[in-house]
Amino acid sequence: MRLSHLVTKTKKASGEQDPSRNAALLTKAGYIQRLMSGAYSYLPLGLKVLNNIETIIREEMNALGAQEILMPALQPREIWEKTGRWDKIDVLYTLKGAGDADLALGPTHEEVVTPLLSSFLKSHRDLPAAVYQIQTKYRNEARAKAGLLRGREFRMKDLYSFHLTQDDLDEFYNRTIEAYLNVYRRCGLGDITYLTYATGGAFSKYSHEFQTITSSGEDIIYKLKSTNVAINKELVEDIDALRDIIPDFNGQLADYVDEYRAIEVGNIFKLGTRFSDAFSADVTHADGKNYPLIMGCYGIGSSRIMGTIAEALSDDRGLIWPDEVAPFKVHLVSLCHEEWEIEQANTIYERLIKSGISVLYDDRMDVRAGEKFSDADLLGMPRRVVVSSKTLESNSIEFKPRNDPGALLLTLENLENILLDPT
Ligand code: ATP
Ligand code: MG
């Protein structure tokens, strides 16, 4: 993609009303733009990031054996009455449809997926089953001041699993934990994201959150010194819970944990029969009798992950995208002015693309070198490549990883080798 063709431009200041770092940086760089509190447009570079994150999630969910579906965001009141949640969920958006019908905009989809899957899952031979969707969710959040971290309209992957037995749910739940950890690792957050015990759903003592350590996080977690597991501070009110998670607990929390601020980037629950009871979602077991489906639900915030990466992995110069989520692998800066130099730069751009490397090409003629470099830092592609009359003289190209101060002079062949095999 030629930067001269990109519809967005970087801004000197974000002009953001949000004080949050992610919104300020992403707006300044032209990745997103706020329509109102909690609702953002995703611009070309921003949508690429969101899509890359969702591709990673999709691949990991498919690898679990879950099947992708898409359910309506627009939902009738009746299903929410069935579970008693029409009046209980304070963030539920409700509206009037034609004929005065009461409708909700889905904040989550247990009320839709349970009767939906129940219409297919009739016999023990149909189980286990798991479906997921990646979709826009709606929550009337009281405070939506943290950019992509807390949207009123936001993106979520929600997975629902259906089982005959508690053991089978447990086995799938544990595999989901591994799949989630893969997602965070591939999104560049692996080193700072922890499986975290949190208060449970209706059926289990605990749920599990995935919390990414960041100074701007809303939550406080206690990370165990001995393992890569954490406990949400809210949970620690209950001292018995600490004894469950830390068997030799001596009453002195500081001996066992370190305290951090963190962002909840995922949450998984064992639902048991809470929803199958409400919808009479029964299945016939091998003994010929009917029993309710045993369910789990597993959420991950894809737009919140994007905001979290912007918060946690950026520096004072701008964004730093991890390889798999970056809109482009390479930011090619041309400082060429002579016609033959420009032709050389164009050839390098085309050759990289032919090798299958995605490139953002700063071919702008009317922009100074300093501004091009600061834009490259702000936009945050993982690698910067510079072509100038100086590099062309020595038949080379300057190469610099975004998060590394040192630049190298390489031949085009060497550059291609590095880019095609980054290990
Ligand atoms: P929170 O406690 O932050 O309000 P939650 O526990 O209500 O979140 P879940 O219902 O567990 O959220 O949703 C699953 C995931 O969706 C969360 O772990 C988070 O990553 C994401 N998410 C939830 N609410 C929002 C929101 N308003 N904006 C962006 N992402 C969200
Ligand atoms: Mg949660």
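For segment 200-238, the set of residues classified as in a strand (DSSP E or B), more than 10 Å from ligand 1 (Cβ to nearest atom) and under 22 Å from the mean Cα position of the chain (by Cα) consists of HIS208, ILE213, ILE220, ILE221, LYS223, VAL229, ALA230, ILE231, listed by residue number. Can you confirm whether segment 57-67 contains a residue that is assigned by TED's automatic domain parsing to the domain that holds GLU141, without any contact (Cβ under 8 Å) to a residue 40 or more places away in the chain and buried (at least 16 other Cβ atoms within 10 Å of the Cβ)? Checked against the condition, which is being assigned by TED's automatic domain parsing to the domain that holds GLU141, without any contact (Cβ under 8 Å) to a residue 40 or more places away in the chain and buried (at least 16 other Cβ atoms within 10 Å of the Cβ), segment 57-67 yields no hits at all.
Here's the yes/no breakdown for (1) free of Cβ contacts under 8 Å to residues at least 12 places away in the same chain; (2) closer than 16 Å to LEU50 by Cβ; (3) more than 16 Å from ligand 2 (Cβ to nearest atom):
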| site | (1), (2), (3) |
| --- | --- |
| ARG243 | yes, no, yes |
| GLY251 | yes, no, yes |
| VAL257 | no, no, yes |
| LEU271 | no, no, no |
| PHE275 | no, no, yes |
| LYS289 | yes, no, yes |
| TYR298 | no, no, no |
| GLY301 | no, yes, no |
| PRO327 | no, yes, yes |
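Inside segment 404-423, residues that are closer than 23 Å to ARG317 by Cα and modelled with pLDDT under 90 make up a count of 1. Among the residues in segment 80-88, are any surrounded by fewer than 17 Cβ atoms within 10 Å (Cβ to Cβ) and either at pLDDT below 95 or within 16 Å of ligand 1 (Cβ to nearest atom) (or both)? Within segment 80-88 (the criterion being surrounded by fewer than 17 Cβ atoms within 10 Å (Cβ to Cβ) and either at pLDDT below 95 or within 16 Å of ligand 1 (Cβ to nearest atom) (or both)), the answer is yes, since at least one residue qualifies.
Does VAL386 satisfy being closer than 24 Å to GLY46 by Cα, touching a residue at least 12 places away in the same chain (Cβ under 8 Å) and either in contact with a His (Cβ under 9 Å, 6 or more places away or on another chain) or outside any helix (DSSP H, G or I) (or both)? In short, yes. One residue is enough: does segment 331-353 have a residue meeting the conditions under 21 Å from ARG185 (Cβ atoms) and either of a type in the set (Lys, Arg) or modelled with pLDDT of 95 or more (or both)? No, the conditions are met nowhere in segment 331-353.
Pick from segment 111-126 the residues that are aliphatic (A, V, I, L, M) and within 13 Å of ILE79 (Cβ to Cβ): which of them is farthest from the chain's Cα centre (by Cα)? Once the filter is applied, the top-ranked residue is LEU116. GLY288 passes every criterion in (1) farther than 17 Å from ALA129 by Cα; (2) within 16 Å of ligand 1 (Cβ to nearest atom); (3) not in a helix (DSSP H, G or I) apart from (2). For segment 257-285, the set of residues classified as of a type in the set (Gly, Ala, Ser) and more than 9 Å from ligand 1 (Cβ to nearest atom) consists of ALA262, GLY272, SER276, ALA278, SER280, ALA281, listed by residue number.
Look at (1) near ligand 1 (Cβ under 10 Å from one of its atoms); (2) free of Cβ contacts under 8 Å to residues at least 60 places away in the same chain; (3) among the β-branched types (Val, Ile, Thr) and you find that THR108 fails only one, number (2).
Of the residues THR108, THR165, the single one that is under 27 Å from the mean Cα position of the chain (by Cα) and not aliphatic (A, V, I, L, M) is THR108. Restricting to segment 295-314, and then to whatever is within 30 Å of ASP277 (Cβ to Cβ) and within 13 Å of the chain's Cα centre (by Cα), can you tell me which residue is farthest from ligand 1 (Cβ to nearest atom)? Taking the candidates together, the pick is ILE300. Right, ILE305: in a strand (DSSP E or B), surrounded by 14 or more Cβ atoms within 10 Å (Cβ to Cβ), touching a helix residue (DSSP H, G or I) at 6+ places or on another chain (Cβ under 7 Å) and touching a residue at least 40 places away in the same chain (Cβ under 8 Å) or not? The answer is no for ILE305.
Note on segment 146-167: residues that are within 11 Å of ligand 1 (Cβ to nearest atom) and not in a helix (DSSP H, G or I) amount to 11. Does segment 22-33 contain any residue that is among the hydroxyl-bearing types (Ser, Thr, Tyr) and surrounded by 22 or more Cβ atoms within 10 Å (Cβ to Cβ)? Scanning segment 22-33 turns up at least one residue that is among the hydroxyl-bearing types (Ser, Thr, Tyr) and surrounded by 22 or more Cβ atoms within 10 Å (Cβ to Cβ).
Within segment 261-278, the set of residues being out of contact with any Phe, Trp or Tyr (no Cβ under 7 Å at 6 or more places or on another chain) and surrounded by fewer than 21 Cβ atoms within 10 Å (Cβ to Cβ) comprises ARG261, ASN267, THR273, ASP277, ALA278.
Applying a threshold of 8 Å to beta carbon distances and a minimum spacing of six or more residues, or different chains, the list of pairs starting in segment 141-158 at a residue that is within 21 Å of SER14 (Cα to Cα) and without any contact (Cβ under 8 Å) to a residue 12 or more places away in the chain and ending at one that is within 16 Å of ligand 2 (Cβ to nearest atom) and of a type outside the set (Phe, Trp, Tyr) reads ARG143/ARG150.
The values are calculated or read from the model by the stated rules, or taken from the named source; none is laboratory data. Keep in mind that this is a model prediction, so the values were computed, not measured. Here Cβ is always computed from backbone atoms with ideal geometry, including for glycine, and neighbour counts include all displayed protein chains.
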